[in-house]
Amino acid sequence: MTGAASQPGSLWQPAAAMAAPFLAALAMAGVLLTVAGHNPFDVYGLLAVESFGSVKRITATLAAATPLMLTGLAIAVAFRAGVFNVGVEGCVYVGGLAAAFVGFTCTALPAAVLLPSSLAASLVAGSLWMLIPGVLKARLGVDEVVTTLMFNFIAISLAAYLVNGPLLAPGSANSATPMVAEAARLPRLAPPSTLNAGFLIAIALLVLYGLWGRHAALGFETRLAGLNARFAAASGISVPVLVVKMMLLSGAIGGLAGAVHALGNVGRFVTGFSPGYGFTGIAVALLGRNSAVGIFLAALFFGALATAGATIQLFSDVPIEIVSVVQGMVMIFAVAQFGWPWLRRRIAS
Amino acid sequence: MIDHVIHAAVLMTTPVLLAALGGLVNRIAGLVNIGLDSMMLAGALVGLIVAAYTGNWMAALAAAAVAGGVLGFLMSLAITRLNANEIIVGLGFTIAVAGLVRFFLKSAYGSSGTLSLPDVAQLPRITIPVVADIPVVGAVLSGHDPLTWAAWLMVPLTVWFLARTRTGLRLRAAGGAPQAARALGLDPLALRDASTVYAGLMAGLGGAYLSIGVVGIFNEGITAGRGFIALAAFYFGNNGPWPTALCALLFGLFDALQIRLQGHGVPTEIVQTLPYVMVVVVLTAMAHAVRRRRAKGG
């Protein structure tokens, strides 16, 4: 479970480590595109133009990257403590639902109260959702990968139940809650685009995370516990308490990602709420090697793929699914060590 | 009505049982297979296409098994030879294969998510003459296809294989004590690869069962997370083939009841969470028991 532990080293090493899985995945997807009768260079050129070609496209990319920065951060925070939280997808669901619930029930409140309460609701819901897996891991050593994975399915089904029953918008046939009050919506930064204040929240949290990891005692302890739990315990750190704390923090950030999606993009909670933000977040955290800058760049890449993938489907006959293929392969290549042990041994000798 | 539920429960158990038995052997050899669902999906698609073009269900099953096995082999190589984390590779396969399947459907058939082909050879049903007319017993034993019978036959075979055969013992050594296995001249990585290929074969068959055994069409959501239910089943069964099969049967029963209860005021979404809740409860109980035993012993 230590595949994502970052190693301090020279500058080119993390850069190469980040670029290599991308290039490998793009090469594999290129073969697939060629077989399907497309020119991969044309497709990638179009993807680049559609994601970074104009101010409008850049804002769209940033908007798509926002939830991924948060889910990537949520996973990185847990990774750092040596906990593999696969359950962020579930947190996105419960957090999004909680934020939307506050947003469409307490409509009498002014924006200055309603928006913060909605966001707070998502933080509480997300962290409570991770309480059971966190405590089970810390107290009984129950494998958190299995419990958090199971919790995803539970969250998705429970949310579907609530949206189809008690919380279904009156007069609505499709499974969705009522729209949240205008006062609960995250303000848009560049009006026609969906880029919203959630982006600023994500950037602020990434900066805080970078500072926290380097300068705060808890950040150091977490890193220590992640690298070597027995050594951390011997130095007087209570690893179980730390594990629970980091799981709650991870859940809270995952919940916030749901709130940003609900209050910034969708305006309510619907079934099939998240397009796998929690799972893409794993790829983001892995590729970003748990660093704040790395998470930002990796989220930007996946955001670009998602937004450009949707538009190239309109202009060409390349299916958008190529994006999922690239994403899955990036995950695989990010943890595969092609000749690296051999290379490391050579550098060492 | 009870006969219908029993029949549907047996039907819905088969795909989970097949994948779970494969994942169980995989786990015993030392690899937790998170990618079972992707192998089921590939098996479901390949099975349907071959069933339509050859008109032969046996060829379709073989092709589906090969598709799952190839994916299992690739996944295993990434884990055993490139030291990749099994959980991340498994999730990566889940995402990549889902994308590949939809990419293929759009590119080759111009359809989004669903594939319906003419002349699909479906699995035959075996009706046992006298037994079929007995209530309950008839629903349990009669009217099922060969793959269901094969899946249940695999349960005692897996017990026997793991406990009594040379390869079974070697697989257990590769998972339980890889260093010792290597010292004895075995190749734990190769054994692990073989077990993952086997898990892929079984999951591929489970997937084909969904497409040509149950409905006769393919849909991108056809597995409905059954690969993860299979994972839940062998975790629940704690590596025992019989408890795992029992758990698969329980999940099949939930599946059947849920279809029955639709529109009767019982929220089906709540029923859907039960398998997953059960796994968390059982893992907790097991960890608690281990802790208590240790506290007594020490």
Within chain B, which is the longest segment that contains none of the trypsin sites (Lys or Arg not before Pro) sitting in a DSSP loop with at most 15 other Cβ atoms within 10 Å? B:126-298
For an R0 of 56 angstrom, estimate the FRET efficiency from the Cβ-Cβ distance between residue B:127 and residue A:227 and round to the nearest 0.05. 0.35
Distance in nm between pseudo-label sites at residue B:281 and residue A:315 (7 Å out along the Cβ direction from Cα): 5.5
Under a Cβ-Cβ cut-off of 14 Å, what is the net charge of the residues other than residue A:155 that fall near it, where Lys and Arg count +1 and Asp and Glu count -1? -2
Roughly how many Å is it from the Cα centre of segment B:218-266 to that of segment A:70-127, as a whole number? 30
Helix-only CD estimate at 222 nm, as mean residue ellipticity for the protein assembly as shown, using -39500 (n - 2.57) per DSSP H run (n ≥ 4): -23500 deg cm²/dmol
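Once the other residues with Cβ under 12 Å from the Cβ of residue B:198 are scored (Lys, Arg +1; Asp, Glu -1), what is the net sum?
Summing Lys and Arg as +1 and Asp and Glu as -1 gives +1.
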Along the Cα→Cβ direction, 7 angstrom out, place labels at residue A:190 and residue A:35. What is the inter-label distance in nm? 3.8
Compute the distance from the alpha-carbon center of segment B:1-60 to that of segment B:159-205, in whole Å. 21
Please report the relative contact order for segment B:2-253, taking Cα pairs under 8 Å with a sequence separation of at least 6, and give it as a percent rounded to a whole number. 44
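Just to verify a number: FRET efficiency for residue A:271 and residue B:186, C-beta to C-beta distance, R0 = 41 Å, to 0.05?
0.25
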I need the calculated FRET efficiency for the pair residue B:242 and residue B:59, taking r as the beta carbon distance and R₀ as 30 Å, to the nearest 0.05. 0.40
How many nm separate the modelled label positions at residue B:288 and residue B:217, each set 7 Å beyond the Cα in the direction of the Cβ? 4.6
Rg followed by Dmax, in Å, when chain B is reduced to its Cα trace: 19.6, 66
How high is the relative contact order of chain A, in percent, with contacts defined as C-alpha pairs under 8 Å that are six or more residues apart? 34
Setting aside same-chain residues fewer than 8 positions from residue A:245, which aspartates and glutamates have a Cα under 15 Å from its Cα? A:144, A:221
Given Cβ point charges of +1 (Lys, Arg) and -1 (Asp, Glu) and nothing else, what value in debye, to the nearest 20, does the dipole of segment B:2-253 about its Cα centre take? 700
If you add up the charges near residue B:138, with Lys and Arg at +1 and Asp and Glu at -1, over every other residue whose beta carbon is less than 14 angstrom from its beta carbon, what do you get? -1
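Read-outs: derived from the displayed coordinates by stated rules, not from any lab. Bear in mind the structure is a predicted one, so any value in this text is a computation, not a measurement. No Cβ is skipped: glycine too gets one built from the backbone with ideal geometry, and neighbour counts run over all protein chains shown.
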